[in-house]
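Right, one structure below, let's go through it.
Derivation of every value follows stated rules applied to the coordinates shown; laboratory data play no part. What you see is a predicted model, and the numbers here were worked out from it, not measured in a lab. Every residue, glycine as well, gets a Cβ built from its backbone with ideal geometry; the counts of neighbours run over all protein chains shown.
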Amino acid sequence: MRELTGIPAATVKVIALGMAVFHLYTAGFGSFVALIQRSFHLMFAMTLVFLLFPAGKRSRKDGVSLLDVLLSLAAAWAFSYVFLHYDAINERIPGISEITTVELIAGGTAILLTLEGARRALGTAMAVIPALFLSYALFGDLLSGSFSHPSITVAECIEYMYLGYDGLFGIPSGISATYLVLFIIFGCIMEKTGAGQVIMDLACAVAGRSRGGPAKIAVISSALFGSISGAAVANVYSTGVFTIPLMKRLGYRAEFAGAVEAVSSTGGQIMPPVMGAAAFLMAEWLAIPYSSICVAALLPALLYYLAVIAMVHLEAARTGMTGLEEHEIPKMGDIVKRLYLLLPLAVLTVMLFVGYSVSRSVLFSIILALGLGMLSPSTRLSPRQILDTLALGCQRSCMLAMATASAGLIIGVVTETGVGLTLTSNIVVYFKDTLPLALVFIMVASLIMGMGVPTVVAYLLVATLTAPILTKLGVSPLQAHMFVFYFAVISMITPPVAMASWAGAEIAGADFNRTGLQAVKLGIVAFIIPFMFVYDDALLLQGTFFHTLSVVVFAIIGIFALAFGLEGWMMGPISPVFRVLLALAGILLIDPSWQTDLIGVVTLLCVFLYQKFGRRTADRKA
């Protein structure tokens, strides 16, 4: 993102403030009809993108070129055309009404600028992927076999993507235009009023004294902070600049320190109450309250973080690490005095679960955060600082707007060509009697499609193409979407791309590949749990109380067994054979069936007894 000064900076700020006013107004007084709300939102976002993000590495970083200005103006015209001519567009009959020359030009401009804006803000992959899908829409009729589709002209493609609700202005842009911007603004205000520092200090006070304290600080703070930010890479850079140097100073290997932060920050997207943009899309897709998504995600998220903390602790025990020095740990009394700054997050959670609309809940939490910040001179924001924070939130939201608009193009192609139904039908026929193989196939596909793209786009891709496969095979919609959601999230730590692992490695000065492999090891539970809740939805809190309790208890035991095996340490070093046995026992215990639980418990108990008594006997003989 450019660091602008002078007139360009003032222009960007005015546009961003206009965007903030629009979204705060619609949050308080109700959104406009969908097409107007979404086109207004994308007009602001697209206009800002070409002013904020350079065209390439050689472009100016401290100013804008004439081309940037022209592209920004073209984006403003192309997207404002939709809400300015809403009545005429709304009266059209898709596929029957003729598209005018102006609509054709405006629509083509909007699509091309979306691809370029996504390339600038998110990277080349986010332009190439939707471009490939659009190419399939235009030339897929030339293919042979089941993936061929009837011919689609350029005009028909533009009409579908631009003048309706299935392309640029589909559900993904709707989520971004109604409340994702508000969440980003809320996160910026919480950061500026000191709530982020309270989270960091609280984590430091709780875990700083324990063995390997800095790594546990990273886990706790990233879980809490990530639940607000909902973006893995942003979370790595927010908390990692503090936690990674601390971990390295204490003795953790650079790749381990980078991996801990990457895994912890990525988990913020699955940690209620806020999670990430993809969770809101899931709620909209499944037509269920967002609170239901939070409830279903709670246990898997807690088990995920428990596994990370267990392995961090065992790594520290194995290498003989200690905690922080006493003078480095914030006083709990000082932290308690500032805990009120976290009240907006608690209020937001309660309002979401009580049933208030997401937009209204976030708006109230924003107002509350600003009000609470006024109580202390150190956290009080001046009118100018408030305006700057609102503008900053809207500038940061541009990347998410690009992601959702690009995803809308992909989904538009899938629905217009019918390729999603074709893919589902073919795979269901192939895997109709082998759900485990179908799950493995979809896991791999989800990880591949999630490479190098934001989680929200990865989720939309895999949910559109693969979630229907699972529902056809008898998996409930919630289980199916949670399954693909998990793998869309953990693609952020899975090599060869692994954006969160890359960010952690960069801060730690570590080798990326080693950091990525270490991150996979630390986050291994996230690869196992989705399979478990497909076969038993108790982990999604959908079962009876006692059954859920037993599943959770054995899963916790399994996590520790798995951690013992992966780290090679229990009460002391563990031989390779026992490490394999413990890892297998852990996987069996996480599996909810009683047969696997029994085998896992017996295996764990045998290894524990040998560690406790067998090693002692061997030492005496020696």
For the pair I93 and V428, how long in nm is the line joining their label points, each one 7 Å along Cα→Cβ?
-> 3.2 nm
For the chain, calculated [θ]222 nm from helices alone, where every DSSP H run of n ≥ 4 adds -39500 (n - 2.57) = -24000 deg cm²/dmol
May I ask you to derive the relative contact order of the stretch 356-479, considering only C-alpha pairs under 8 Å and at least 6 residues apart, and to give it as an integer percent?
-> 24 percent
Ranked highest first by the average count of other Cβ atoms within 10 Å around their residues, in what order do 406-413, 141-148 fall?
-> 406-413, 141-148
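Please rank I529, I152, fewest neighbouring Cβ atoms within 10 Å first, as an exposure proxy.
With the fewest neighbours first, I529, I152 line up as I152, I529.
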Relative contact order [Cα under 8 Å, 6+ residues apart], the stretch 173-234, whole percent | 30 percent
Work from the charge dipole of the stretch 6-173 (Cβ charges, +1 for Lys and Arg, -1 for Asp and Glu, about the Cα centre) and give the residue of S135, A55, H23 farthest towards its positive end.
-> A55
Any idea what angle helix 195-207 forms with the longest principal axis of the chain, computed on alpha-carbon atoms, 0 to 90 degrees, nearest 10?
-> 10 degrees
Once phi is turned into ³J(HN,Hα) by the Karplus curve 6.51 cos²θ - 1.76 cosθ + 1.60 with θ = phi - 60°, what whole-Hz value does each residue of the stretch 459-465 show in order, with x for glycine and proline?
-> 4, 4, 4, 6, 5, 5, 8
Compute the relative contact order of the chain as a whole-number percentage, counting only Cα pairs closer than 8 Å that sit 6 or more residues apart in sequence.
-> 17 percent
Calculate the length of the line joining the C-alpha centroid of the stretch 353-398 to that of the stretch 222-287, in whole Å.
-> 22 Å
Using 0.36 nm per residue, how much length does the chain from T100 to T124 gain when fully extended, once their Cα-Cα distance is taken away?
-> 5.5 nm
Descending packing, highest mean Cβ count within 10 Å first, for 477-487, 429-439 is 477-487, 429-439
Whole-Hz ³J(HN,Hα) from phi, Karplus 6.51 cos²θ - 1.76 cosθ + 1.60, for the stretch 93-100, glycine and proline x = 10, x, x, 10, 5, 6, 7, 6
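Taking the number of other C-beta atoms within 10 Å as the exposure measure, put C398, C294 in order starting with the fewest.
The order, fewest Cβ neighbours first, is C294, C398.
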Report which label in [x] 1.17; [y] 1.03; [z] 0.99 holds the value of Rg/Rh (Cα atoms, Kirkwood Rh) derived from the coordinates of this structure.
-> [z]
Taking the Cα centre of each part, how many Å lie between the stretch 1-39 and the stretch 527-581?
-> 46 Å
Mind pulling up the Rg/Rh value for the stretch 406-505? Radius of gyration and Kirkwood radius, both on Cα.
-> 0.99
